[in-house]
1. From the list B:107, B:29, B:61, pick out the single residue that is surrounded by fewer than 20 Cβ atoms within 10 Å (Cβ to Cβ) and within 13 Å of chain A (Cβ to nearest Cβ).
2. Just one of (1) at pLDDT 85 or above; (2) surrounded by fewer than 16 Cβ atoms within 10 Å (Cβ to Cβ) trips up residue B:229, so point out which.
3. What about residue A:212, is it in contact (Cβ under 8 Å) with a residue 40 or more places away in the chain, surrounded by fewer than 23 Cβ atoms within 10 Å (Cβ to Cβ) and at negative phi?
4. Could you tell me which numbered condition residue A:113 fails, if it satisfies all but one of (1) at pLDDT below 75; (2) over 25 Å from the mean Cα position of the chain (by Cα); (3) surrounded by fewer than 20 Cβ atoms within 10 Å (Cβ to Cβ); (4) more than 14 Å from every other protein chain (Cβ to nearest Cβ)?
5. Can you name every one of the helices (runs of 4 or more DSSP H) wholly within segment A:475-572 that holds 1 or more residues which are under 30 Å from residue B:75 (Cβ atoms)?
6. For the structure I just gave you, tell me whether residue B:163 is touching a residue at least 40 places away in the same chain (Cβ under 8 Å) and under 23 Å from the mean Cα position of the chain (by Cα).
7. Taking the condition within 8 Å of chain B (Cβ to nearest Cβ), surrounded by 24 or more Cβ atoms within 10 Å (Cβ to Cβ) and under 30 Å from residue A:41 (Cβ atoms), does residue A:479 pass?
8. For segment A:422-430, does any single residue satisfy the condition of being away from chain B (no Cβ under 14 Å), surrounded by fewer than 24 Cβ atoms within 10 Å (Cβ to Cβ), in a helix (DSSP H, G or I) and modelled with pLDDT under 85?
């Protein structure tokens, strides 16, 4: 062997795997774990389990697949099944066609339209899809503004709002932002060097996009696309409002409300919806597995931006203008409708009035109050649960802590309709403790349904926030004498505040427009929240004005909420960036 | 002021089946400034975190002033730790950061005010109390972290790579300040570093760790002059390490057969030595270098070689010289006007056998 000359001074790096905060699992952690598990079991797993179980047993209680045979034996159900599947797939496709070019434009090119696209990304989301459907009917419907103009000028009409095509149209417009937002985030994380080395090796233009950039952004695209599929497949409000009943969700709703909570076919439909939701999310997760490329290196730049040529600008702005016009249509429509005295068979309303708003504030103030009550409580519960689960997962070594994440995230695959059916079935005849009131007649159940359905969003938000808080910030508190609970209260939660608030707002605004669970769980009119109010108003021609006014209020509430949640996230980024800088 | 001793007895720790610390035995005296030195992955940070209570050893005892604190949770240990990234809370002012531990101890408002002020004055940041950590420089942040820790009057002060986030000039200055602060407070202090120069210039004594095993404990000079094994010889300072066989030991000396070089006759060893594999360690400055025609003395062993490369470092020049199949480093003090040997030049290397150290581990 040659004489080795060893010179020390290898660069510092945390060589050993960082142990999580505490050496042992405290009683408090177990207690929190138990409580959360009990909550998830009682209000998510067992109700959904009941639904699945009911779909597989006959009257005598023995297992059977007879209900499924019965289901597929009937033409209307077969048709509903294929309609739902077709609409969901088509909506995902059209949403992709809208979203992918927009995402590419924002990330790759330097132009003023980027701000517009940012706005595009949120605009559709702040309007409940079933409200948008009504408004789009007025603009693009058979006798809506656009077709009236087309008929006058060119002598033909486009029946884009009819039947399944109409549902697909409304859903694509409403849900494309899920793909846009996820894809933009994924593309922003691609290191510019990835592109540069591809350029360096001779790939350009379309081939560069197809072979390097899109594959790298694939996880983001798939996450968004799977979400769109699931949302459309499970949506109840939009088809109902548009009068389309030959789809799965409306069929399940009609069976349960007309035939009764014991009708097995409603459960069969529920199981099919859960099955396809899980399948879609699982497929996306499976394809993405091991491919979560966050390639942005320390000190690396993002993808290079370049200027658009004149021709490209025309194309880009043209596309943006088109999408923006269509996306804004429901907002404009609903606004006009809320001020319209009469609006029928005309391009614009004939006369304007404020009467609808007066009606809404007179009649529906209870609904606004209900929405605030349910959604504040549900969102509050979500962030408490979300923070606790995030902490248990990221900062303790509880053996089964990952289960909490899986269980809570499972709610993503459960349609509101199915959860509501599960509640009705599970709590049938059960009284609220110490009273003679039925559980299913209590508004608390509505609130809990909201909370369970929105928990995955709040949980993601809280997890992201906690990941930003370096473990040493908490350990420093402990080494200075703060107990686990005290360090959480004085250090961890304040530093997570931005993310927690964002989670709260997301839960709040999405719960405020939840319709499917609401439709089934509201037992008296005095319990109705705004979302149900809008739906009920919209059922009659006379109620459309007040319905629209209530819709505008909902959009304003949701819009403001979205704006503030963005602000919170931005602010928390500023505070935590100082701690990560020190951690570099 | 608190002056506690620390003792590790047979401490072992593994993550799953990966051993991280193996049977660590260590005693640190009250008031000592002690360094844990080792490359990344050696287990030094794990050991420090274990003392703070953030890692739990599976075997062994951890004694502070003779009392086993193994099961005590971190917040009850009264052991202060300054983190590598300082871990200042960005949502609190400098004052609130420093006051944190006192608030946890439910001290009175007046007492907190006095102690926080004194601690900030001690680190020279009395005027910065109302600032946020983000408004401070790296060195200032480090001082806040120090103030925050010493204000609770810990029994032990732990520093995790305290200087690694500072640039070079600041590092030397902070090193002095840390040393002075430790002398003033008399706190038993343990710090972790991968930088042997930092450890040698700052610590009273140090422990060298590698692969979870404690290699040697001692003062800087002891480790440098009398390394007990190959690793310590190579890690503390720079060394030429020549592997070979002890072929014969007699009263007059011993024969050492260096692989691919040949036999060397060495003076008798201080401790009894058996034949077998061993390593010869010698520092580059102990290898003198002369032109082949220059006079040589009989005190040294002389080897003929050829210069491979030369690095001019100012105070001295470092030559890499090929001797047979080996390459040896030789440092020569530099004086103005003395020309360097050019690469390729034939030279003779002189080794003083009394300066050699024979390692059997």
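1. Numbers: B:29 fails: within 13 Å of chain A (Cβ to nearest Cβ); B:61 fails: within 13 Å of chain A (Cβ to nearest Cβ).
Result of the check over B:107, B:29, B:61: B:107.
2. Failed condition: (2).
3. The answer is no for residue A:212.
4. It is condition (3) that residue A:113 fails.
5. Details: elements: A:484-487, A:493-512, A:516-521, A:530-539.
The qualifying helices (runs of 4 or more DSSP H) are A:484-487, A:493-512.
6. Values: touching a residue at least 40 places away in the same chain (Cβ under 8 Å): no; under 23 Å from the mean Cα position of the chain (by Cα): yes.
No, not satisfied.
7. Values: within 8 Å of chain B (Cβ to nearest Cβ): yes; surrounded by 24 or more Cβ atoms within 10 Å (Cβ to Cβ): yes; under 30 Å from residue A:41 (Cβ atoms): no.
No; evaluated as a whole, the condition is false for this residue.
8. Pass one, segment A:422-430, residues away from chain B (no Cβ under 14 Å): A:422-430.
Checking the rest, the ones that are also surrounded by fewer than 24 Cβ atoms within 10 Å (Cβ to Cβ) come to A:424-430.
Subset that is in a helix (DSSP H, G or I): A:424-426.
From the residues that got through so far, the ones that are modelled with pLDDT under 85 too are none.
No, the conditions are met nowhere in segment A:422-430.
The values are calculated or read from the model by the stated rules, or taken from the named source; none is laboratory data. Since we're looking at a predicted model, the values are computed, not measured. When we count neighbours, we look across all protein chains shown, and the Cβ atoms used for this are built from the backbone with ideal geometry, even at glycine.
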